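Notes to accompany the following structure.
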Amino acid sequence: MNFLIRFTVSKLLHLMLLLAAVAVLTFLLVSVSPIDPIDAYVGAARRVTMTDEQRALIAQRWGLDQPLITRFIRWLGQLLQGNLGESMTYHQSVAAVIATRFQASLWLMALAWLFSGVFGSTLGILAGATAGSWCDRLIRLYAYTLSSAPVFWIALLLLVIFSVNWQITPICCATPPGVLLQDVTLWQRLHHLILPALTLSVIGIGSLALHTREKLVEILQSNYALFARAQGETTTGIVLHHGLRNVALPALTLQFVGLSELFGGSVLTEKVFGYPGLGDATVQAAIRSDVPLLVGIVFFSAIFVFAGNTLADLSYRLIDPRIRIGGIER
Amino acid sequence: MKLSMPAIANPRSRLQGFSLNNRRSRTLLLIALCLVVLGVLLLGTYLIGQAGLDIALSSRNQPPSFAHPFGTDWLGRDMFSRTLHGLSLSLWIGLLTASVSAVIALAIGTLSATLGGKVDAAITWLIDVALSLPHLVLIILVAFAAGGGVRGLLLAIIITHWMSLARLLRAEVLQLKSSDYVQLSSKLGRSPLWIARHHLLPHLLPQFLVGLILLFPHAILHEAGLTFLGLGLPPEIPAIGIILSESMRYLSAGYWWLAVLPGVVLLMAVQAFDILGQSVRALLDPKTSQG
C-alpha cells in the first residue's frame, strides 16, 4: 500500500512537470507562428473588408496587444482553471470537442490495440517456436514489411480490397449515412470500425511480433528450457509452460508504450476513413488554424502517452513476481 | 576468441576462405543492391525526363498495361512516371531533412555529454518532453507553428527527428569518456581535442552513419504522411503523399492502381533504406562484421 502511494505521488509530480514543460513549449511554438490569429479567426472572406479599428478591437479583446510574458501568464491562469478555450472550427468548448472526439477514437484505438496485441504476439510466438524454418522467415519478412509500410497506404489497400472490390465493409465514417453517432447500434459501429482498426493495428504488429520472437528464442535456448527438454518435454510444452508467461510481460509493456504510436497512427487512419475521431480533429485544427483546439489536443495526447508509459511501468511492478517481491523488501 | 577455438571442429572456419558464401560478402552484396535501387529511384527522373507527364485525355483511367505499367490517371498522365517523380522528390526531401536532423543530433548529443551539468540536464529534459508527445502530433504542431507549406514541412521533419539519435550518441560519449583508455590518454597529457579526434570520433562515426541511414525511412514516411494529411507540400508539387491523397478520391470508382502501385514503390524505397541501415550496422560492428 505504501508503495502504491509513493508511486502515485511521484507519477503525479512527473505529470505536472511534464505538462508545465509542454505548456511552455506549445506556447512558444504557437507564438512564433507566422499565422495571424485574427486573420485565422475571421476567415479569408472578411479579412479584406475588416477595418483597422475592428482588428485593433479584436486584438484588445483577446489581449494580443500585451507582451508575451503577460499573455503566457494569463493563458496559464485560464488553463489552471480548466478552461482550454473555444474551438473555432466546431463552435464548442475545446474540452467538449476532445471529449466527444476521444470517445469515438477510444473505440478505434482499443480495438486496434487488441488486434495488434493478439496478432503480434501470436505471430511472434509462432516464429520464435519455429526459429530458422520457412515459417519463421515468412513471419519475419511479413513483420519487417508491415513495420515499414506507410499506414495511410495500408488503409487505402484495405479500402480497395474490402470496400470497393468485395463491398463487405463501408467506405467511410463511423455511422451509416443519416444516422447520428449516439443512436448507432453496436453491430453497425463494429462494422464501420473493422477496417480502421485493422489498419491501425498494423503499426504495432510488426514490432511486437519481432520482439516476442526474440524473447521466445532466448527462452528456448535457456538452461531451464534445455532441462525441460531433457526431461522429455516437447517444444509445444516448453512454449506453453515456460515461454508464454515469460513473453507476456514484455509484450504487454511494449503494447502500453506503443500507445504513443497508436495515437499518431490514428491521425492518418481517421483521415483516410473519414472517421470522426480525435485524429481527424487534429488535422482540422491544424488546417483551419484552430489554435485552442490544437493546443488542447497536444495537452491531451501528452497525458494519454504518459498514462500509457505509467501503465507499462505499473504492469511490471504488479505482475512480475521478481520485481514485486523486490519492491516489498525495499 | 579465435585462438581458443579448435580449428578443425569448426566448419565455419573452412568456409571463410570462400568469398560469396560468407555473411560479410552477402552483406556487401545487399548494400550494393540497396544502393542501386535507391540510386535509380533518386536519379531516375533525370533519365526519363518529363516524358509521360503530359495530359492525354484520350487515354484516361487506363488500368496497368505494358505501355503504362502503373496505369494512367484521370488526366491520362502515366502513373509510373508520376510515381517516379513524386518519389524522387520525397526521397530527396527525406535525405535533406534526415541529414540536417542527424547533424543536429550529433552536435547536441556530444555537447550534452561533454559539457555535462546544467546543459546536460536541460537537454535531457528537452528530449524527454519532446518524446512524451506522439511523434505525429509533434510534427503537426511544429509544421503549424512554422506556417505550413514547404517551410513548415522541412522544419517539422528536421526539428522532430534528432531526439533518439542524440540520446544514443550522448550515452555513447558518456560511456567513452569514462572508459579506461580515454582516462589514461588524458592523464598522459593529451588535449581534449586530440582525444576527441583519436578516441571518440572512430567510435561515434559508425554509430552516426547507421543512425543517419536509419533516420531516412522515418523522415520519408513522415514527409509522405504529413503531405498526405494536407499539411505538408502544396498540391501543385506532385510528391508521393499528394499522389496518394489524390488517388483517394478515385478509389470508389474502382481505379485501384492509382493508390496501390505508387504505395508499393514507396514501401520498397523505405525497405531498401532499412535494409541498408541494418547491413551497414552489421558490417561496421566488430562483433558481427566477420563470419
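Things to note:
- Within the range A:127-153, considering residues that are of a type in the set (A, V, I, L, M) and buried (at least 19 other Cβ atoms within 10 Å of the Cβ), the one farthest from A:Glu261 (Cα to Cα): A:Ala129
So that you can scan it fast, the table gives a plain yes or no per residue for (1) modelled with pLDDT under 90; (2) over 14 Å from the mean Cα position of the chain (by Cα):
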| residue | (1), (2) |
| --- | --- |
| A:Glu86 | yes, yes |
| A:Val97 | no, yes |
| A:Leu108 | no, no |
| A:Phe119 | no, yes |
| A:Thr130 | yes, yes |
| A:Asp136 | no, yes |
| A:Tyr142 | no, yes |
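- Residue within the range A:224-233 that is small (Gly, Ala, Ser), in contact (Cβ under 8 Å) with a residue 24 or more places away in the chain and either assigned to a helix (DSSP H, G or I) or in contact with a Leu (Cβ under 8 Å, 6 or more places away or on another chain) (or both) present: no
- Residue check, A:Ile168 more than 10 Å from chain B (Cβ to nearest Cβ) and either assigned to a helix (DSSP H, G or I) or surrounded by fewer than 19 Cβ atoms within 10 Å (Cβ to Cβ) (or both): yes
- Options B:Ala98, B:Ala113, B:Ala102; residue that is part of a helix (DSSP H, G or I), crowded, with 21+ Cβ neighbours inside 10 Å, touching a Lys or Arg at 6+ places or on another chain (Cβ under 6 Å) and not hydroxyl-bearing (Ser, Thr, Tyr): B:Ala113
- Qualifying residue in the range A:174-195 (condition: under 21 Å from B:Val270 (Cα atoms), in the same structural domain as A:Gly120 (by TED's automatic domain parsing) and of a type in the set (Phe, Trp, Tyr)): no
- Among the residues listed as B:Ile213, B:Ile220, B:Ile195, B:Ile243, the single one being touching a Gly at 6+ places or on another chain (Cβ under 9 Å), of a type in the set (A, V, I, L, M, F, W, C) and modelled with pLDDT under 90: B:Ile243
- Top-ranked residue of the range A:171-204 - restricted to ones that are β-branched (Val, Ile, Thr) and under 22 Å from A:Leu278 (Cβ atoms), ranked as nearest to the other protein chains (Cβ to nearest Cβ): A:Ile171
The rows are residues; the columns are (1) assigned to a helix (DSSP H, G or I); (2) within 14 Å of chain B (Cβ to nearest Cβ); (3) at pLDDT 90 or above.
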residue: A:Thr212; (1), (2), (3): yes, no, yes
residue: A:Ile303; (1), (2), (3): yes, yes, yes
residue: A:Asp313; (1), (2), (3): yes, yes, no
residue: A:Ile328; (1), (2), (3): yes, no, no
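- Evaluation of B:Ile157 against (1) more than 30 Å from A:Asp36 (Cβ to Cβ); (2) touching an Asp or Glu at 6+ places or on another chain (Cβ under 8 Å) (one fails), failing number: (1)
- Qualifying residue in the range A:239-253 (condition: under 16 Å from the mean Cα position of the chain (by Cα) and more than 17 Å from B:Leu138 (Cα to Cα)): yes
- Against the list (1) small (Gly, Ala, Ser); (2) farther than 20 Å from B:Tyr250 by Cα; (3) surrounded by fewer than 19 Cβ atoms within 10 Å (Cβ to Cβ), the condition A:Ala197 fails is (3).
- The set of residues from the range B:238-275 being assigned to a helix (DSSP H, G or I), more than 11 Å from every other protein chain (Cβ to nearest Cβ) and surrounded by fewer than 23 Cβ atoms within 10 Å (Cβ to Cβ) comprises B:Glu246, B:Arg249.
- Considering the range B:131-142, the residues that are modelled with pLDDT of 90 or more and more than 7 Å from every other protein chain (Cβ to nearest Cβ) include one that is surrounded by the fewest Cβ atoms within 10 Å (Cβ to Cβ), namely B:Leu138.
- Filter result for the condition that a residue is within 14 Å of chain B (Cβ to nearest Cβ), surrounded by 14 or more Cβ atoms within 10 Å (Cβ to Cβ) and among the aliphatic types (A, V, I, L, M), over A:Leu29, A:Leu17, A:Leu84: A:Leu29
- Subset of the range B:116-139 [within 24 Å of B:Leu193 (Cα to Cα) and not in a helix (DSSP H, G or I)]: B:Gly116
- For the range B:116-130, the set of residues classified as of a type in the set (D, E, K, R) and surrounded by fewer than 14 Cβ atoms within 10 Å (Cβ to Cβ) consists of B:Lys118 only.
- Taking the conditions (1) away from chain A (no Cβ under 14 Å); (2) loosely packed, with under 15 Cβ neighbours inside 10 Å; (3) under 26 Å from the mean Cα position of the chain (by Cα) in turn, B:Pro234 satisfies each one other than (1).
- Restricting attention to the range A:239-293 and to residues that are of a type in the set (Phe, Trp, Tyr) and away from every other protein chain (no Cβ under 11 Å), the residue that is surrounded by the fewest Cβ atoms within 10 Å (Cβ to Cβ) turns out to be A:Phe256.
- Some residue of the range B:142-156 being more than 22 Å from A:Phe152 (Cβ to Cβ), of a type in the set (D, E, K, R) and in contact with a helix residue (DSSP H, G or I) (Cβ under 6 Å, 6 or more places away or on another chain): no
The values are calculated or read from the model by the stated rules, or taken from the named source; none is laboratory data. Every value quoted in this text rests on a predicted model; they were computed, and no experiment measured them. All Cβ positions, glycine included, derive from the backbone under ideal geometry; neighbour counts span all protein chains shown.
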